[in-house]
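Trainee: Take a look at the following structure, please.
The values are calculated or read from the model by the stated rules, or taken from the named source; none is laboratory data. Just so it is clear, the structure is predicted and the values come from calculations on it, not from any experiment. Counting neighbours? That spans all protein chains shown, and the Cβs are built from the backbone with ideal geometry, glycine included.
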Ligand code: ACM
Ligand code: ZN
């Protein structure tokens, strides 16, 4: 078979030679394959594909996943009549495959069943793109990382098993292979544990459907049979069904059982496991108490029996550890074990739980706080507060999964926040996710090889409905898939974006509710081009101090010509905590002015609010100011959402010093974030 690369064909066309079947530009496959070589001709996919295989599917259900309803598969009576050959080739990398489509049919070669499955997914992607006739092509492909994950938070708002399985279908199509299931948290315990029925009789239920309202309403639980009860949990059969469904799709499900904190729901029903012994007083288990270990080990026994995963995720994040400092049992544990502080007390718990898991053939993974007080010997770190935790773990010879909030937290907004549905306070676009490299060369090979992979996390405090969940997850989940699978040098955002637009259309056709990527605004329009005006580059005197943590570009920020974007943390917005903004711009000389404007951002999930009003005033001597305007907050802004307002005056006046005074609601407190004082 003569091979024609794309360029070869284009050159032939240019020379007016016969090239009746020009090679397509792209397979459209997400994640982008390693090597693609176009061949001559094409293959018409029949409704029934006769196959031979050196890999036996476990059962009819697994066979079904190979075709995903796109065509029927029937064993070929003889090798010669096979249109699809599934071949064992030990030389292919783990999970990798070689897919060849030519005029005679299709061959997929792999070393393992996952590789065959992924070759089939690539075939299905092309069948979707090209319809019934697939252009002849040879693809050689293998993943960059072993861990390509998505995390689903089902505590804050429960999702049915059917909904979860629907997401697994799309994950499998795009070669994502880990589903991290955040099954327990303050907002609801979601897994049946026979030994502790109160977890699902009470701790899985609350008298509010909506997490935010429940939080504001006191965060209490109710009984399952309460007429107001909202929530839910998975029975053991539900879990088995999801785990098996995932297995058929080469996805490992990793359960997360939170400890020692984020455990208010457990401590509400088993208060003896907290330091205080009282419900609704603590988020942390009492680590001094043996009863805590008895509970956790009993729960883990039942969890292990349900999940065949290599890893069990034990949470470990954000423990306040407050009660541990004074609790007699915790203090006694620290004394006896020679632990110097509460961080080491958490480390004691993690190490002890790790020994328990290791003895049962499982490994422990936890959020990066498990580094504090000393990492357990075999633990793997999931790095979320930036990348530092993962890198520190990797440097000390531990494995790490990278999931930094800045690039992998899919609960943040992905486009114009004033239009998008409620979200966490920051901003992570499709391009932001795509731009993340979990293991850049700058880390060096010793660190790189300890980085297992990447994961997108969908926390659901703000995500109430299933449609909203899919809106947040897709298509950003596709960027996680490509970051996790594709070689860096094969990645190109414009090319990916074009493939994503097609994928989004197909998702919609299949009943998903992805974000409408083709209508994305992109970055905040005001932030795209530098401002040049009377105040640009002029000195600013701060009459109230901005917060050192949100200094942005320091004293230059308000007049540097760069307006803030969608993200309050983009180092263009400057933040004031619990105080008014009061500053003066010195124009250098008396100027006739027609406009003064200053932007504020509201991000209620981060306690950043609009000022009640903004006073704009003018002076010749920097002592006696004349008011230009007092501009009130726009009452039509939804106070629950990220929003932007320009507080502006227009008219005619003259002066040298322009003052901006923004008043915080002192009763509520919180932050004011502002940027760019524009004077024209
Ligand atoms: C986390 O976001 N608290 C892991
Ligand atoms: Zn205690």
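Trainee: Within the set of pairs 6+ apart or on separate chains, which have a first residue in the range 613-639 that is farther than 15 Å from residue 660 by Cα, a second that is modelled with pLDDT under 95 and surrounded by 14 or more Cβ atoms within 10 Å (Cβ to Cβ), and C-beta atoms under 6 Å apart?
Mentor: Note: pairs meeting the criteria are 637/643.
Trainee: When the range 315-367 is examined, which residues are found to be more than 13 Å from ligand 2 (Cβ to nearest atom) and at positive phi?
Mentor: Listed by number, the residues that qualify are 315, 316, 318, 338, 361.
Trainee: Being in a loop (DSSP other than H, G, I, E, B), within 16 Å of ligand 2 (Cβ to nearest atom), farther than 20 Å from residue 149 by Cβ and modelled with pLDDT of 95 or more is the requirement here; does residue 373 meet it? It would help to see each step written out before you state the result.
Mentor: Working: in a loop (DSSP other than H, G, I, E, B): yes; within 16 Å of ligand 2 (Cβ to nearest atom): yes; farther than 20 Å from residue 149 by Cβ: yes; modelled with pLDDT of 95 or more: yes.
Against the criterion (in a loop (DSSP other than H, G, I, E, B), within 16 Å of ligand 2 (Cβ to nearest atom), farther than 20 Å from residue 149 by Cβ and modelled with pLDDT of 95 or more), residue 373 qualifies.
Trainee: Identify all residues within the range 394-412 that are away from ligand 1 (no atom under 15 Å from the Cβ) and either buried (at least 24 other Cβ atoms within 10 Å of the Cβ) or over 14 Å from residue 451 (Cβ atoms) (or both); write none if there are none. Explain how you work it out, then say what you get.
Mentor: Step one: list which residues in the range 394-412 are away from ligand 1 (no atom under 15 Å from the Cβ), which gives 394-399.
The one that is away from ligand 1 (no atom under 15 Å from the Cβ) and either buried (at least 24 other Cβ atoms within 10 Å of the Cβ) or over 14 Å from residue 451 (Cβ atoms) (or both): 394.
Trainee: Conditions first: (1) within 16 Å of ligand 2 (Cβ to nearest atom); (2) surrounded by fewer than 16 Cβ atoms within 10 Å (Cβ to Cβ); (3) within 23 Å of the chain's Cα centre (by Cα). Residue 215 passes all but one, so which condition is the exception?
Mentor: All conditions are met except number (1).
Trainee: Looking at the range 67-79 only, could you name the residues that are under 14 Å from residue 107 (Cβ atoms) and part of a helix (DSSP H, G or I)? Explain how you work it out, then say what you get.
Mentor: Within the range 67-79, the first condition is being under 14 Å from residue 107 (Cβ atoms), and the residues that meet it are 76, 79.
Across the range 67-79, the qualifying residue is only 79.
Trainee: Let me ask you something else. Please work out if residue 428 is within 16 Å of ligand 1 (Cβ to nearest atom), touching a residue at least 24 places away in the same chain (Cβ under 8 Å) and touching a helix residue (DSSP H, G or I) at 6+ places or on another chain (Cβ under 9 Å). Quick ask: steps written out before the conclusion?
Mentor: Details: within 16 Å of ligand 1 (Cβ to nearest atom): yes; touching a residue at least 24 places away in the same chain (Cβ under 8 Å): yes; touching a helix residue (DSSP H, G or I) at 6+ places or on another chain (Cβ under 9 Å): yes.
Yes; evaluated as a whole, the condition is true for this residue.
Trainee: Which residues, counting only those in the range 324-336, are surrounded by fewer than 13 Cβ atoms within 10 Å (Cβ to Cβ) and part of a helix (DSSP H, G or I)?
Mentor: As a first pass, look at the range 324-336 and keep what is surrounded by fewer than 13 Cβ atoms within 10 Å (Cβ to Cβ): 326, 328, 332, 335-336.
Hits for the range 324-336 are 328, 332, 335, 336.
Trainee: While we're looking at this one, here's another question. Name the residues in the range 264-276 that are out of contact with any helix residue (DSSP H, G or I) (no Cβ under 8 Å at 6 or more places or on another chain) and either touching a residue at least 60 places away in the same chain (Cβ under 8 Å) or within 9 Å of ligand 2 (Cβ to nearest atom) (or both), would you? Working first, answer last.
Mentor: Here is the first cut: in the range 264-276, the ones out of contact with any helix residue (DSSP H, G or I) (no Cβ under 8 Å at 6 or more places or on another chain) are 264, 268, 271.
Selection gives 264, 268.
Trainee: I'm trying to understand the selection: among the residues of the range 308-320, which are touching a helix residue (DSSP H, G or I) at 6+ places or on another chain (Cβ under 6 Å) and surrounded by fewer than 22 Cβ atoms within 10 Å (Cβ to Cβ)?
Mentor: 317
Trainee: If you check residue 590 against the conditions, is it assigned to a strand (DSSP E or B), surrounded by fewer than 20 Cβ atoms within 10 Å (Cβ to Cβ) and modelled with pLDDT of 95 or more? Before you say what the answer is, go through the steps one by one.
Mentor: On the way: assigned to a strand (DSSP E or B): yes; surrounded by fewer than 20 Cβ atoms within 10 Å (Cβ to Cβ): yes; modelled with pLDDT of 95 or more: yes.
Judged against the criteria, residue 590 is a match.
Trainee: Given 260, 279, which one is within 16 Å of ligand 1 (Cβ to nearest atom) and touching a helix residue (DSSP H, G or I) at 6+ places or on another chain (Cβ under 6 Å)? Talk me through it step by step, then tell me what you get.
Mentor: Values: 279 fails: within 16 Å of ligand 1 (Cβ to nearest atom).
It is 260.
Trainee: Restricting attention to the range 421-437, and to residues there that are surrounded by fewer than 21 Cβ atoms within 10 Å (Cβ to Cβ) and under 24 Å from residue 213 (Cα atoms), which single residue is nearest to ligand 2 (Cβ to nearest atom)?
Mentor: That would be 422.
Trainee: Could you grab me the full set of residues in the range 397-426 that are modelled with pLDDT of 95 or more and part of a strand (DSSP E or B)?
Mentor: 400, 401, 402, 409, 412, 413
Trainee: Identify all residues within the range 524-537 that are free of Cβ contacts under 8 Å to residues at least 60 places away in the same chain and surrounded by 14 or more Cβ atoms within 10 Å (Cβ to Cβ); write none if there are none.
Mentor: So the first thing to find is which residues in the range 524-537 are free of Cβ contacts under 8 Å to residues at least 60 places away in the same chain, and the list is 525, 527-530, 532, 536-537.
Residues satisfying the conditions are 527, 536.
Trainee: Hey, among 463, 433, which residue is within 21 Å of residue 164 (Cβ to Cβ), outside any strand (DSSP E or B) and away from ligand 1 (no atom under 13 Å from the Cβ)?
Mentor: Going through 463, 433 in turn, the sole match is 463.
Trainee: Now for a separate question. Between a first residue in the range 289-314 that is farther than 15 Å from residue 351 by Cα and a second residue that is assigned to a helix (DSSP H, G or I) and within 14 Å of ligand 2 (Cβ to nearest atom), which pairs have beta carbons less than 8 Å apart while being 6 or more apart in sequence or on different chains?
Mentor: 289/272; 289/273; 289/329; 291/272; 291/273; 295/273
Trainee: Starting from residues that are touching a strand residue (DSSP E or B) at 6+ places or on another chain (Cβ under 9 Å) and assigned to a loop (DSSP other than H, G, I, E, B), keep the ones in the range 376-393 and report whichever is nearest to ligand 1 (Cβ to nearest atom). Talk me through it step by step, then tell me what you get.
Mentor: Kept after step one, since they are touching a strand residue (DSSP E or B) at 6+ places or on another chain (Cβ under 9 Å), are these residues of the range 376-393: 376, 378-385, 387, 389-393.
Now narrow it down to the ones that are assigned to a loop (DSSP other than H, G, I, E, B): 376, 378-379, 384-385, 387.
Details: 376: 18, 378: 21, 379: 15, 384: 5, 385: 8, 387: 14 Å.
Result: 384.
Trainee: Restricting to the range 612-627, what's the tally of residues that are modelled with pLDDT of 95 or more, surrounded by 13 or more Cβ atoms within 10 Å (Cβ to Cβ) and assigned to a loop (DSSP other than H, G, I, E, B)?
Mentor: Residues meeting the conditions: 3.
Trainee: Go through (1) part of a loop (DSSP other than H, G, I, E, B); (2) modelled with pLDDT of 95 or more one by one and return the number of the condition residue 635 breaks.
Mentor: Only one criterion in (1) part of a loop (DSSP other than H, G, I, E, B); (2) modelled with pLDDT of 95 or more is unmet by residue 635, namely (2).
Trainee: Now, a different point. Going residue by residue through the range 560-581, is there one that turns out to be surrounded by fewer than 17 Cβ atoms within 10 Å (Cβ to Cβ) and more than 19 Å from residue 665 (Cβ to Cβ)?
Mentor: Yes, the conditions are met somewhere in the range 560-581.
Trainee: Would you confirm whether or not the range 232-249 contains a residue that is within 16 Å of ligand 2 (Cβ to nearest atom), in a helix (DSSP H, G or I) and in contact with a helix residue (DSSP H, G or I) (Cβ under 7 Å, 6 or more places away or on another chain)? Walk me through how you get there before you give the answer.
Mentor: Initially, the range 232-249 is screened for residues within 16 Å of ligand 2 (Cβ to nearest atom), giving none.
Among the residues of the range 232-249, not one is within 16 Å of ligand 2 (Cβ to nearest atom), in a helix (DSSP H, G or I) and in contact with a helix residue (DSSP H, G or I) (Cβ under 7 Å, 6 or more places away or on another chain), which makes the answer no.
Trainee: Restricting to the range 341-368, name every residue that is in a strand (DSSP E or B) and within 16 Å of ligand 1 (Cβ to nearest atom).
Mentor: Taking the range 341-368 as the starting set, the residues that turn out to be in a strand (DSSP E or B) are 363-367.
If the condition is that a residue be in a strand (DSSP E or B) and within 16 Å of ligand 1 (Cβ to nearest atom), then 364, 365, 366, 367 are the ones that fit.
Trainee: Kindly indicate whether any position in the range 489-500 is surrounded by 21 or more Cβ atoms within 10 Å (Cβ to Cβ) and within 16 Å of ligand 1 (Cβ to nearest atom).
Mentor: Looking through the range 489-500, none of the residues is surrounded by 21 or more Cβ atoms within 10 Å (Cβ to Cβ) and within 16 Å of ligand 1 (Cβ to nearest atom).
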